[in-house]
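Take this structure first; my questions come after.
The values are calculated or read from the model by the stated rules, or taken from the named source; none is laboratory data. Note that the coordinates shown come from a computational prediction; the quantities given were computed from them, not determined experimentally. Cβ sites come from the backbone with ideal geometry, for glycine too, and all protein chains shown count toward neighbours. Ligands, DNA and RNA are stripped out before the accessible areas are found, and what is left, the full protein with its side chains, is counted by its heavy atoms. Shrake-Rupley method; radii C 1.70, N 1.55, O 1.52, S 1.80 Å.
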Amino acid sequence: MQNYERELAKELEYFQKTIALVKAQLEKKLETSERSRGNLLSSRKEMWDEAAHSSDDFDNVVEISQYLEELNMKTASYLAGTNEIQKLEKMQDSPYFARVDFSEADTQEKEKIYIGRYSLIDDDTHNMYVFDWRSPIAGIFYRYELGQVQYQAPGGIIRGNVSLKRQYEIKRGKFEYFFDANVQIVDEFLRKLLSKNASSRMTSIVETIQKDQDIIIRDSKNELLMVQGVAGSGKTSVALHRVAYLMYQGLSSKLSSNNIAILSPNALFAKYISNVLPELGEDNVETLAFEEICNQVFGKDFQAAQTRNQFFEKLITCTIGTQKYLMKSSMEFKASNTFVTMLKRLVAYYERKLIPFADVAYNHQQLFDRHLLKAKLLNGDARTPIALRLKRIETMILKEIREENKFRLAELERFIDKYPDHIYESQAFARMLSIRENRILLAYIRKFTEIDYEALYRKMFHDKSLFYALAKGLELPENMEEIRLQTDELLSLKSSQYGDALAITFLKIKLAGCDSYKNIKQVVIDEVQDYYPIHFEILNLLFPKAKYTVLGDVNQTIEKQTALTFYEDVERILDKKSSALLTLSKSFRCTNQIIAFSTKFITELTRPKTPASIDGGCQGRLSPVWTRLTFSGGLNPPLNEVSFNDTPVKQECFSRDGVPPEIISGANRADLDEGLKEFIESMEEQGYKSICILCKSLKESAALYSRINDSIDVVLMDDTYITELSGTFITPIYMAKGLEFDAVLVYDVDDMHYQSAYDKKLLYIASTRALHRLALFYMGKQSRFLIESE
Ligand SMILES: Nc1ncnc2c1ncn2[C@@H]1O[C@H](COP(=O)(O)OP(=O)(O)OP(=O)(O)O)[C@@H](O)[C@H]1O
């Protein structure tokens with residue numbers, strides 16, 4: 001105890017010195033910021049007074065652009081200052097959360113390394129008061145217990161010894177307590193943290209990042225890092241902390257927020273995760289849903305296609321077995337490797353055979369022969385997209401026409417002069433006639449210089465012989481003809497399915513290229529299990545040089561059965577120099593009871609005995625896919641060591657007890673709704689802040705909402721909902737993917753609703769959304785899967 005008091009006194013002294021330094025730096029920054037704000041305002045005023053209101057002459061435009069450049073620089077420096085101020089303000093609340101005492105092997109000199117969200121350095125003495133959690137030396141806090149350690153510094157590996165690991169609770173500028181970290185105490189700390197209510201937005205986990213999570217966050221060896229993690233194992237958290245880490249590293253490699261793209265399932269999810277990076281002191285990164293990419297590729301001219309959620313809804317609400325099968329197999333086919341090969345063949349065939357080149361004549365003479373135009377296209381640089389080569393041909397033709405235009409005008413004038421009875425002036429009349437003629441000619445030329453992507457796609461399905469010629473030698477689904485005919489019919493009605501939208505997007509990028517994302521160097525994909533080969537083919541075209549981090553859980557697919565072999569496809573298509581598949585098996589979200597209950601809805605994943613064979617001679621590269629990180633050295637593993645491991649991917653749970661899941665039945669609809677309302681009230685009384693009722697479909701969610709929203713304060717969460725996740729919600733299970741709530745109430749879990757293998761996975765997704773409480777409601781016969789899980 002005496003020892004603790006002595007240590008506490010020393011810690012308080014360090015804490016006060018740190019806070020004093022933070023305050024001094026904050027004061028200085030506030031002063032500078034005030035000055036640069038004044039500067040900025042007066043520059044703006046000056047620009048306005050001197051130049052802005054007389055911008056019609058060219059000199060002034062130049063002057064304005066100089067002013068603007070200066071203003072931009074001043075604004076950027078002011079904003080950087082504001083960012084620093086925000087960091088210091090946060091440091092005033094809690095400057096650090098951990099400490100390790102490290103002695104380097106060579107010098108044996110002990111250093112006290114305090115670790116916080118941001119670094120703090122005394123500008124006068126250059127003493128490092130706090131190290132950023134992403135700095136190389138801070139990594140030893142996450143990776144090691146006491147004893148021998150090593151870390152990768154820019155100049156090479158540093159080895160040494162850790163003699164102390166300490167954690168602090170410092171809140172709102174008050175030093176509350178510290179404890180020296182042994183495993184039990186840390187677990188207790190984490191348990192307390194996880195027992196809190198869900199927050200309406202995701203928060204940072206920087207103080208409690210686990211070893212296996214840290215390895216993913218700091219990996220810099222792999223161009224493609226794949227993470228298979230059970231529900232609630234921190235995939236999204238890890239993804240965001242990795243982004244923050246990459247940006248920190250980017251200080252030297254020039255990677256900034258606009259070089260990173262995060263792909264997320266929808267706008268609500270994007271909003272849910274939007275807090276984490278700013279909390280870590282970084283600029284937010286653009287979060288894109290795949291549909292947004294499709295829209296961006298097409299601009300406005302793409303007719304509203306079915307979104308992924310609309311596809312899920314249609315599939316889930318379809319009650320006719322044959323139709324459901326057709327929908328699913330059609331989607332699977334259109335997103336498959338086979339179909340991608342057919343689309344690539346279509347592009348090649350289009351270039352050689354389908355472009356309707358025509359002779360171009362003007363002013364009674366032939367300017368271009370169609371064979372010559374075609375030869376020009378085929379002889380062009382094959383790396384240039386076809387659409388661009390066609391545009392160049394169009395420009396060439398128009399240039400020639402422009403040359404001829406003066407002769408044509410003269411001819412028209414002569415012609416007009418022969419008929420002097422009209423009221424127009426002959427020159428103006430000739431010009432008008434020529435414009436009309438040219439417009440018709442341009443439309444004629446554009447029939448072969450512009451590509452109608454949707455028409456081309458439709459032709460593929462409409463023209464049976466073309467379709468099967470493109471499919472030659474490929475293995476097709478047994479209901480191929482049915483899929484072809486249905487697609488042709490739907491496209492003729494201008495109704496395309498989600499799979500068609502993806503395919504047309506692929507086709508357009510293949511034919512026309514796309515430069516919109518050329519600055520992206522790192523791509524992070526969450527919920528990757530919902531992606532198909534065509535998604536990765538599109539990503540490959542959009543971000544050819546990017547490195548990837550992809551995270552998912554093959555147990556959480558909605559409409560497809562996927563095994564770990566899924567990651568082989570990802571590796572093959574993205575085709576990066578180095579790749580690894582890592583696993584996260586411990587769930588942090590749910591209580592022991594909820595995990596034990598929900599695990600029964602899935603089967604344990606194991607790696608296949610013999611990896612499936614892969615086209616394209618990639619077998620030699622298969623082994624890294626099955627590389628799994630192991631901590632071979634017990635508590636103190638060497639950094640980033642990877643080794644082969646045959647262990648099945650298990651689901652473990654961070655030990656936290658709670659109330660067992662409840663199964664509640666109702667005699668009829670009214671009785672069930674009443675039971676649901678009572679349960680919600682009791683959850684609210686018990687202080688749970690976020691409660692979610694999960695139905696199978698949006699249609700059923702909307703029906704339930706209309707029955708209970710008079711008596712309960714509840715929000716229907718559909719595709720358009722992008723607000724905070726606090727309160728009581730009703731939503732379909734597929735919309736709740738990636739989210740979490742204090743209490744989850746799964747509605748209508750009867751044997752009609754949940755009977756297939758896919759339904760079973762929906763139950764897994766639904767029940768793993770719950771942090772503390774889970775209840776399942778049914779009337780009639782309860783789902784067979786509930787009986788199995790009893
Ligand atoms: N190391 C950690 N310390 C504290 N909390 C953690 C840690 N890792 C994860 N969590 C918490 O666990 C919960 C689940 O994390 P997250 O949503 O990132 O998991 P996930 O694997 O993406 O889940 P899912 O696959 O179900 O969407 C979050 O509340 C997160 O804050």
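Go through L725, L704 for me and flag whichever is more than 24 Å from the chain's Cα centre (by Cα) and either within 16 Å of the ligand (Cβ to nearest atom) or at negative phi (or both).
Exactly one residue qualifies, and that residue is L704.
Looking at S492, S465, S496 in this structure, which one is touching a residue at least 24 places away in the same chain (Cβ under 8 Å), open to solvent by 50 Å² or more (accessible area, probe 1.4 Å) and farther than 16 Å from T338 by Cβ?
Only one candidate passes the filter, namely S492.
Output the residues belonging to region 207-233 that are within 7 Å of the ligand (Cβ to nearest atom) and polar (S, T, N, Q).
Correct list: T208, Q210, Q213, S233.
Would you mind stating whether V183 is more than 11 Å from the ligand (Cβ to nearest atom) and modelled with pLDDT of 90 or more?
Spelling it out, it is not the case that V183 is more than 11 Å from the ligand (Cβ to nearest atom) and modelled with pLDDT of 90 or more.
A follow-up question, please. Please go through region 209-266 and give me each residue that is closer than 17 Å to L574 by Cβ and part of a strand (DSSP E or B), ordered by number.
L224, L225, M226, V227, Q228, I260, A261, I262, L263
Table: residues versus (1) in contact (Cβ under 8 Å) with a residue 40 or more places away in the chain; (2) within 26 Å of Y758 (Cβ to Cβ); (3) out of contact with any strand residue (DSSP E or B) (no Cβ under 8 Å at 6 or more places or on another chain).
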position	(1), (2), (3)
I525	yes, yes, no
F543	yes, no, no
K547	yes, no, no
V554	yes, yes, no
E559	yes, yes, yes
L564	yes, yes, no
L582	yes, no, no
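With respect to A743, is the statement that it is surrounded by fewer than 17 Cβ atoms within 10 Å (Cβ to Cβ) and modelled with pLDDT of 95 or more true?
no
Do we find a residue being farther than 30 Å from P477 by Cα, outside the structural domain of F536 (by TED's automatic domain parsing), in contact (Cβ under 8 Å) with a residue 60 or more places away in the chain and surrounded by 12 or more Cβ atoms within 10 Å (Cβ to Cβ) anywhere in region 398-418?
no
State yes or no: is T565 open to solvent by 20 Å² or more (accessible area, probe 1.4 Å) and of a type in the set (S, T, Y)?
Here the answer is yes, as T565 does meet what is asked.
Same structure again: What is the number of the single condition among (1) crowded, with 16+ Cβ neighbours inside 10 Å; (2) within 15 Å of the ligand (Cβ to nearest atom) that L193 does not meet?
Exception for L193: condition (1).
Might you check whether a residue that is touching a Pro at 6+ places or on another chain (Cβ under 9 Å), at pLDDT 50 or above and not hydrophobic (A, V, I, L, M, F, W, C) occurs anywhere in region 652-675?
Looking for residues that are touching a Pro at 6+ places or on another chain (Cβ under 9 Å), at pLDDT 50 or above and not hydrophobic (A, V, I, L, M, F, W, C), one finds none in region 652-675, hence no.
Of a type in the set (D, E) and either closer than 16 Å to R308 by Cβ or in a strand (DSSP E or B) (or both): does that describe D488?
In short, no.
Among the residues of region 451-461, are any surrounded by fewer than 17 Cβ atoms within 10 Å (Cβ to Cβ), assigned to a loop (DSSP other than H, G, I, E, B) and not assigned by TED's automatic domain parsing to the domain that holds E332? Steps first, please.
Pass one, region 451-461, residues surrounded by fewer than 17 Cβ atoms within 10 Å (Cβ to Cβ): 452, 455.
Among the residues that remain, those that are also assigned to a loop (DSSP other than H, G, I, E, B) are: 452.
Those left that are additionally not assigned by TED's automatic domain parsing to the domain that holds E332: 452.
Yes, region 451-461 contains at least one residue that is surrounded by fewer than 17 Cβ atoms within 10 Å (Cβ to Cβ), assigned to a loop (DSSP other than H, G, I, E, B) and not assigned by TED's automatic domain parsing to the domain that holds E332.
Which members of region 525-555 meet the condition of being away from the ligand (no atom under 16 Å from the Cβ) and open to solvent by less than 10 Å² (accessible area, probe 1.4 Å)?
Selection gives I534, H535, F536, I538, L539, L542, F543, A546, Y548.
Let me ask something else about it. So H753 clears everything in (1) part of a helix (DSSP H, G or I); (2) more than 15 Å from the ligand (Cβ to nearest atom) except one condition, right? Which one?
Unmet for H753, out of (1) part of a helix (DSSP H, G or I); (2) more than 15 Å from the ligand (Cβ to nearest atom): (1).
Counting only residues that are over 16 Å from G658 (Cα atoms) and buried (at least 23 other Cβ atoms within 10 Å of the Cβ), how many does region 584-598 have?
1
Now, a different point. List the number of the failed condition for T319; all other conditions in (1) open to solvent by 10 Å² or more (accessible area, probe 1.4 Å); (2) under 17 Å from the mean Cα position of the chain (by Cα); (3) hydroxyl-bearing (S, T, Y) hold.
Just one mismatch for T319, condition (2).
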